[in-house]
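A single structure is presented below for examination.
Each value in this text was obtained by applying a stated rule to the coordinates, not by laboratory testing. All values derive from a computational prediction rather than experimental measurement. Cβ atoms come from the backbone with ideal geometry, glycine included; neighbour counts cover every protein chain shown.
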Amino acid sequence: MANHNSYYKPGFTLSIGSKWTRVIMILIIANVSIFIIQLLFSTINTQWGVPFITSPDADLSDSVTHQLALGPDRFTTLFWLYPQHAIGKVWLWQFVTYMFLHSVTDPWHIIINMLALWMFGSEVERAMGTKKFLTMYFTAGIFAGIICCLFTPHNPILGASGAIFAIEIAFAMFFPNTTVIFYIFPIKAKYLVMIFAGVTIFNCLVPTGGNVAHFAHLGGLLYGFLFVRYEPKLSNFLVSWQVQQQEKEYTKEEEIKKRVDVLLDKVNREGMRGLTRKERNFLKNASKRYRKMRDKT
């Protein structure tokens, strides 16, 4: 992980974590607050030994069996991303809530994630804008969760790593030549992300065990790259499509108005009896259409 002192780019100096934005502060506070709640529930679960999964025939009077019956606390199992629950029971909220949970047995999990969010998040948010940053953050986390469900369907997932990896690759794309102090070694951001990507892909292809959700990291990296690369093009396409739809609607309104004028002239000459059933229905529908448009305005 990058050193939190500072990093440099030719022409200017940028202090990591300095002048962090309100959004980054709120995200960090939310993650830390939920981590404290996790610690509370975990302590209760450990002290009082509430069974999580047991066999109907299990003898819980035996201390060893009782310990084996213990599992994650109820708070964690409700909000982490467990594919069999999120998909099987349609607990879809887990695709969002799991991003705010972290391992209570490994404090480095939340420390590293929050450190990366603090170091890189503010600059990425300033480069993208708050709305797009939050969109990327949450959709990257959801995408990473989906990837994990596809490739590791039996493993529960928790942590903000998917969203964090998306932020890191976004930072490298916005500031590719910025030098980051990785431990004690200075390295450009683009090369650091290449290392992260290489290690992540290797760990996905050659599982080494442990509780690290490598596919979440891979999903975050892939999504972050695609978002930064193609989101502006998609936004421009949607704006262009919206303009075209408005132009089509305007043209349609003009055509309707012209036909209404023609039919009203016919009514003035021949009366309502001079209209066919189709023409009368057209005038009736046009009248309803104009009333709806007037009510909207």
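What residues qualify as long-range amide H neighbours of residue 180, i.e. H under 5 Å apart, gap of 5 or more or another chain, H built at 1.01 Å from N?
Placed amide hydrogens put 187, 188, 189 under 5 Å from residue 180.
Taking a threshold of 31 Å on the Cα-Cα distance, which of the pairs 131/188; 132/258; 248/288; 233/257 fall above it?
Where the Cα-Cα span goes over 31 Å, the pairs concerned are 132/258; 233/257.
Ok, one more. How far apart, in nanometres, would the label points at residue 253 and residue 278 be if each is projected 7 angstrom from Cα along the Cα-to-Cβ direction?
2.7 nm
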